1. Counting Lys and Arg as +1 and Asp and Glu as -1, each charge on the Cβ, what is the dipole of the chain about the Cα centre in debye, to the nearest 20?
2. Determine the shape class of segment 141-277: with a ≥ b ≥ c the square roots of the Cα gyration tensor eigenvalues, call it rounded for a/c under 1.5, and otherwise prolate if a/b is greater than b/c, oblate otherwise.
3. What does the charge dipole of segment 1-124 about its Cα centre add up to, to the nearest 20 debye, if the Cβ of each Lys and Arg holds +1 and the Cβ of each Asp and Glu holds -1?
4. One quarter of the convex hull surface, Cα atoms only: what value does that give for segment 157-207 in nm²?
5. Taking a ≥ b ≥ c as the square roots of the eigenvalues of the Cα gyration tensor of segment 1-75, is the shape rounded (a/c under 1.5), prolate (a/b larger than b/c) or oblate?
6. Assuming R0 = 35 Å, what is the FRET efficiency of GLN191 and ASP87, from their Cβ-Cβ distance, to the nearest 0.05?
7. So for the chain, averaging the separation of alpha carbon pairs under 8 Å that are six or more residues apart and normalising by length, what relative contact order in percent results?
8. Between rounded, prolate and oblate, where does segment 110-179 land on the alpha carbon gyration tensor, with a ≥ b ≥ c its root eigenvalues, rounded for a/c under 1.5, else prolate if a/b exceeds b/c?
Amino acid sequence: MAVSDRDFARFQRLINDEAGIWLAPVKKALLVGRLARRLRELGTTSFGEYFELVAANEAERIRMLDAICTNETHFFREPRHFEFLCDRIFPAWRAEADAGTRPRRLRVWSAACSTGEEPYTLAMTLLSSFQGWDLEILATDLSTKVLARAQAAVFPLEKAREIPEAYLKAYMLKGYGGQEGLMKAGPEIRQLVRFSRLNLTHDHPALGRFDVIFCRNVLIYFDKETKGKVVHRLLDHLQPDGYLFLGHAESLGGFTTRAKAVLPTVYTLAPPPRPER
């Protein structure tokens, strides 16, 4: 099944308008590969016919975006981020709370949570560091398909290799019988995480502010204009002393002066400029 240049351009514009994802012309084969199965399921004979359906039907449009989105993730992905949290940020916050200068409350946003490994990793690190604190993790993604898997919190047992042994024993449940070969996130970490579908290219003023925002390996899929808008939306939701974590191939360089790097791919808000005299 092939897609014409005209129909590819129509999908290209629609996907960019809906999700901020820009499919370069070399991605034509990816579009065909991701959508061909759905066309066969519907008995649709052409990409042009399927585009008309997608343009008119919101539910099918969401399903199309689910198919297009790339969802690759792991527990404790980019380990130095979690080392930085546990070794430097968390001890400082605990000390501030003991001194009475910080409330014992933390809000964390996993802004592209995929199938859940990232928010559950964050839940494990938070619970092990902040006993008795009010902890909240918001986990969002554009794809309803991966959100359903994340909420189920069931993973192949082979993923246990990605989790340090102490965390694995404390927070993950091994399946037996009909669940052999699987593991499930334990109730202590599941109750910390709230999942919601969210489009990062739209405004969401009701989200409030977060002490930590993880938005890793997402900006690489946006064009320059969309990337800049998303960066500023993320910074709008960051606490003045909070931290924004990006993916290893991402940077805020050239997109904003509102943030400063404390490590490669880790940012805090920059001090506001002094008014001119």
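1. Working: 39 positive and 34 negative charges, 31 e Å.
That gives the chain a dipole magnitude of about 140 debye.
2. Numbers: a/c = 2.42, a/b = 2.12, b/c = 1.14.
The shape class here is prolate.
3. Numbers: 19 positive and 18 negative charges, 30 e Å.
For segment 1-124, the charge dipole is close to 140 debye.
4. Computed as one quarter of the Cα hull surface, the answer is 5.5 nm².
5. Numbers: a/c = 1.39, a/b = 1.27, b/c = 1.09.
Here segment 1-75 falls in the rounded category.
6. Values: r = 26 Å, r/R0 = 0.75.
The calculated FRET efficiency here is 0.85.
7. Numbers: 393 pairs, mean separation 43.7, N = 277.
About 16 percent, as a whole number.
8. Working: a/c = 1.97, a/b = 1.01, b/c = 1.95.
Judged from the Cα gyration tensor, segment 110-179 comes out oblate (a/c at least 1.5, b/c at or above a/b).
The values are calculated or read from the model by the stated rules, or taken from the named source; none is laboratory data. Note that this is a predicted model, so its numbers are computed, not measured. FYI the Cβ positions are ideal-geometry reconstructions off the backbone, even for glycines, and counts take in every protein chain you see. Heavy atoms of the whole protein, side chains included, go into the accessibility calculation; ligands, DNA and RNA do not. Shrake-Rupley method; radii C 1.70, N 1.55, O 1.52, S 1.80 Å.
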